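Contents: one structure, followed by commentary.
Coordinate-derived values only; no laboratory data. Not measured: the values here are computed from a predicted model. Every residue, glycine among them, receives a Cβ derived from its backbone with ideal geometry; neighbour counts consider all protein chains shown.
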Amino acid sequence: MHLDLWKMAAYYIYFLRFGLVDSVERNAQWKTYDGLHWHCEPWDMDIALGNNNQGQITFRPPLTRTTQLGNGSYAYSGSAKQYGTLRGNWIWNALESWSEWYNDILPAVAAALTKAGLTYDNINYMFDKEYVYKWSESIYNLGGHFKYIETLT
């Protein structure tokens, strides 16, 4: 009753499609605009599209909250499986185990996002053409320098 399930579904699809591995538990902002209905909004989306905190491509699609890495840790921060159950954020665990969420809400929101233009081809075009050409190389690389290089020196 107090979760905006449609916005939660959009956020869920968004973090899975873009591999936002630290935006599920740590970097999600819980918000309400009416004081009654809550949803997540993204924040600090620097760990995306396969990148890890060191700026290396570590994660390969497809990713789910239960995807394990070679060292036994989980790709998505805050997800941990112990004794056969997924631990972590209980809200996402509850939504993932709810059949109406998987069978009705997620497919409807995914279809709406696709119809609105969130497609593989459009995403590639935005990153490979629009985004790359609108940022100068010095500005684009400066953020990475401060986060990944300067912190190690």
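Just a few scattered comments:
- Neighbourhood charge, 11 Å Cβ-Cβ cut-off, centred on residue 40 and excluding it, Lys, Arg +1 and Asp, Glu -1: -1
- Using 0.36 nm per residue and subtracting the Cα-Cα separation, the extra length available between residue 119 and residue 104 on full extension is 3.4 nm.
- Residue-by-residue Karplus 3J(HN,Hα) for region 128-133, coefficients 6.51, -1.76, 1.60, Hz, glycine and proline x: 7, 10, 5, 5, 4, 7
- Total formal charge among the other residues, if their Cβ is under 9 angstrom from that of residue 22, Lys/Arg +1 and Asp/Glu -1: -2
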